[in-house]
Amino acid sequence: MNAQQTQKNIQQALKNFQSGTLLHNAVHLLKTLGYESDRTVDGESNHPDAFIADFEKFETLNRERAQVDDWESIDFLFQLTDEEITESSQGQLVFTETQWDNTRMEAYVFFAIKLKADSYTRTELATITREINKLLPVPAMILFQHGQTLTFSVIDRRLHKQDADKDVLEKVTLIKDIDLHNPHTAHVKILFELSLNELSRVHPLTNFVELHNAWAKTLNIQELNKQFYQKLFAWFEWAKEVATFPTDENRTLKPEEHVIRLITRLLFIWFMKEKRLVADELFNKAQIQDLLTEDDFDNGDSYYRAILQNLFFATLNTEIDKRKFSKRDYSGNRNFSRYRYKDQMRDPDKLIALFAQTPFINGGLFDCLDSFKATKEGGYRIDCFSDQQYHKLSIPNCLFFDANRGLLPLLKRYKFTVEENTPVEQEVALDPELLGSVFENLLAAINPETGETARKQTGSYYTPRAIVDYMVEEALVATLSQKCDPTDGDAKLWVERLHYLLDYAQMFDDANEFFDDAETEAIVRAISELKVLDPAVGSGAFPMGILHKLTLTLRRLDPDNTRWEHVQKELAAKRAADAFN
């Protein structure tokens with residue numbers, strides 16, 4: 001079966017969840033992906049309480065953290081071992097190696113849980129996954145159905161380095177909110193890449209360890225970002241060759257600099273669109289070409305002017321109550337916050353109405369960079385947002401809408417999320433971290449020899465999240481170890497305990513057993529007095545990393561906020577007294 005047909009089958013298997021039982025649909029989906037087994041359990045009921053009673057391993061389940069009250073049903077689908085997948089659908093051996101090392105992952109188990117509400121956060125679903133996995137000796141993969149969406153939750157776990165009888169639960173990865181009525185192309189694609197036939201085509205699979213590693217690599221967010229960037233870079237190369245940009249003897253920019261700014265603006269908007277702050281219709285070719293006057297839309301160039309420039313400068317960069325059309329003042333066009341190109345629109349009112357849901361963004365990304373003296377007598381055009389001189393800039397419509405190479409079809413093939421991934425939970429989607437990475441890499445690509453200089457001149461340095469997390473943890477451990485003293489006086493062990501406290505992988509474990517009351521009180525007070533300064537702040541990755549770590553610390557030491565509330569009231573009373581005196 002070819003890839004296209006397999007993806008169609010996956011799409012249909014997802015749509016089947018709109019009716020029928022979760023058990024049947026979940027088993028059918030996994031079978032479509034190439035995974036099936038007779039190793040299952042026939043329970044008397046899939047009601048949560050009955051299931052937990054029947055499934056003895058679940059007797060110690062933390063019901064509150066696992067949100068059992070939100071479960072409508074739970075089904076054990078099957079256990080998958082190497083024996084179930086030694087033969088592919090073509091009858092060929094997939095796993096042949098018999099000698100395994102002692103790091104092997106011996107099996108997966110699959111569960112399906114139907115939840116009562118329509119929507120759940122990534123953290124809520126990851127927590128349920130983690131709590132179930134605490135009870136089992138092998139990774140438990142879970143299909144959650146909530147409303148008309150499906151989430152596939154996968155956990156990465158490894159053997160404990162000191163205790164061979166234990167596993168370490170690492171990050172939970174989610175293919176989240178799959179629309180069962182109209183599955184996103186990106187969701188179908190990632191499920192296809194997880195199918196057994198596709199995995200065995202791409203990766204060497206001779207044992208279950210290699211299957212586990214192939215799953216992990218397929219779901220790796222860095223690999224997804226890398227794949228996206230490679231395709232985006234190909235578009236970047238195409239755009240700088242076919243687009244025409246304004247030139248001026250006083251201020252000349254390279255074509256690639258114009259393209260980088262365009263990409264950065266559009267990526268930011270795409271994340272806004274994920275929050276429904278920008279209308280989808282603005283990126284729909286069929287709807288847009290009916291609103292513009294160009295007779296030959298495919299060979300025209302009005303989309304960038306009439307749609308994107310008006311979105312950038314007259315919408316996102318303009319307060320809502322001040323948005324209106326320009327009076328076409330050819331003497332200078334000083335006001336760059338007015339809608340333009342009315343004569344290129346069939347129905348200006350209908351088109352401008354599409355901008356209504358878009359908020360004002362108070363930042364520099366959407367500032368028009370044209371000179372305020374951009375007249376015939378002088379000044380310069382960079383963005384060329386002008387009723388008079390628009391012909392100096394031409395970005396063909398095909399750059400945005402070409403089915404094979406266009407930027408918008410590329411963006412639509414990927415799932416975007418506005419929720420940043422963390423070391424312990426991630427969604428298989430492009431998150432806002434992508435913005436910094438793309439900008440820095442494209443900036444360096446302008447000239448590989450001077451890329452470093454270009455980054456220094458603009459301060460455009462992007463730090464990967466793993467490095468941010470490491471630096472934040474080391475800074476906090478050093479600070480807390482100085483401000484707080486251990487009761488037992490063991491400085492070396494104190495540093496180790498602080499590292500444990502700040503470890504995301506331990507975030508769901510109660511840390512109070514490792515810290516006595518005096519130590520806990522000292523840490524909470526130290527946090528309340530901390531001041532954090534990042535003099536080179538750009539995207540805010542370091543301050544946000546600090547905030548997340550401090551929140552983690554307080555959650556583990558003071559889960560009901562009793563100590564924190566007491567300290568805050570005490571500080572407020574002191575400030576009030578100081579002000580009175």
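Treat every Asp and Glu Cβ in the chain as -1 and every Lys and Arg Cβ as +1, leave all other atoms uncharged, and give the resulting dipole magnitude about the Cα centre to the nearest 20 debye. Working shown, then result.
Values: 68 positive and 92 negative charges, 592 e Å.
Using only the charged Cβ atoms, the result is roughly 2840 debye.
Only helices at least 20 Å long along their axis, Cα-based, and averaging -1.0 or more on Kyte-Doolittle count here, so list those DSSP H runs from the chain. Working shown, then result.
Values: long enough: 221-242 (32 Å, -0.50); 255-274 (29 Å, 0.34); 465-483 (27 Å, 0.36); 541-557 (24 Å, 0.62); 562-580 (27 Å, -0.83).
Those that pass (Cα extent of 20 Å or more, hydropathy at least -1.0) are 221-242, 255-274, 465-483, 541-557, 562-580.
So for the chain, what percent of the C-alpha to C-alpha distances run longer than 32 Å? Please list the in-between numbers first.
Numbers: 97341 of 168490 pairs.
Counting pairs separated by more than 32 Å, the tail of P(r) holds 58 percent.
Is the shape of segment 184-226 best called rounded, prolate or oblate, per the rule: a/c under 1.5 gives rounded, else a/b larger than b/c gives prolate, else oblate, with a ≥ b ≥ c the square roots of the Cα gyration tensor eigenvalues? It would help to have the intermediate numbers written out before the result.
Details: a/c = 2.50, a/b = 1.50, b/c = 1.67.
Since a/c reaches 1.5 but b/c is at least a/b, the shape of segment 184-226 is classed as oblate.
What lysines does LYS31 reach when the alpha-carbon gap must be under 21 Å and sequence neighbours fewer than 8 apart in one chain are set aside?
Of all the lysines, those that pass the test against LYS31 - Cα under 21 Å, at least 8 places apart if same chain - are LYS8, LYS15, LYS114, LYS176, LYS189.
At 1.4 Å probe size, with the rest of the protein present, what percent of the exposed accessible area of the chain is carbon and sulfur atoms? Show your work: numbers first, answer last.
Working: 14060 of 29080 Å².
That fraction is 48 percent.
Rounded to the nearest 0.05, what FRET efficiency do HIS184 and VAL495 give with R0 = 45 Å and r taken as the Cβ-Cβ distance? Could you check? Show your work: numbers first, answer last.
Working: r = 45 Å, r/R0 = 1.01.
The computed FRET efficiency comes out at 0.50.
Excluding residues on the same chain fewer than 8 positions from LYS327, give the aspartates and glutamates whose Cα lies under 12 Å from its Cα.
ASP387
Largest first, how would TYR500, TYR303, TYR390 line up by accessible area (1.4 Å probe)?
Numbers: TYR500 50, TYR303 0, TYR390 80 Å².
Correct descending sequence by accessible area is TYR390, TYR500, TYR303.
Over its Cα atoms, what ratio of radius of gyration to 2.2 N^0.38 Å does segment 171-263 give?
Values: Rg = 19.9 Å, N = 93, 2.2 N^0.38 = 12.3 Å.
Relative to the 2.2 N^0.38 Å estimate, segment 171-263 comes out at 1.62.
With a 1.4 Å probe and every protein chain left in place, work out the accessible area per residue of the chain in Å², rounded to a whole number. Don't skip to the end; give the middle numbers.
On the way: 29080 Å² over 581 residues.
Ligands and nucleic acids excluded, the result is 50 Å² per residue.
Looking only at the chain, where both bridge partners belong to it, what percent of the DSSP beta bridges are antiparallel (to the nearest 5)?
Working: 27 of 39 bridges.
Here the share of antiparallel DSSP bridges comes out near 70 percent.
I need to check one value: relative contact order of the chain, counting alpha carbon pairs closer than 8 Å and at least 6 residues apart, in percent.
Details: 803 pairs, mean separation 63.1, N = 581.
In percent, rounded to a whole number, it is 11.
Sorted by accessible area (1.4 Å probe), largest first, how do LYS322, LYS492, LYS415 line up? Each step should come with its number before you reach the end.
Values: LYS322 105, LYS492 150, LYS415 30 Å².
Final ranking, largest accessible area leading: LYS492, LYS322, LYS415.
The values are calculated or read from the model by the stated rules, or taken from the named source; none is laboratory data. Bear in mind the structure is a predicted one, so any value in this text is a computation, not a measurement. Glycine gets a Cβ as well: all are built from the backbone with ideal geometry, and neighbour counts include every protein chain shown. With ligands, DNA and RNA removed, areas are computed over all heavy atoms of the protein, side chains included. Shrake-Rupley method; radii C 1.70, N 1.55, O 1.52, S 1.80 Å.
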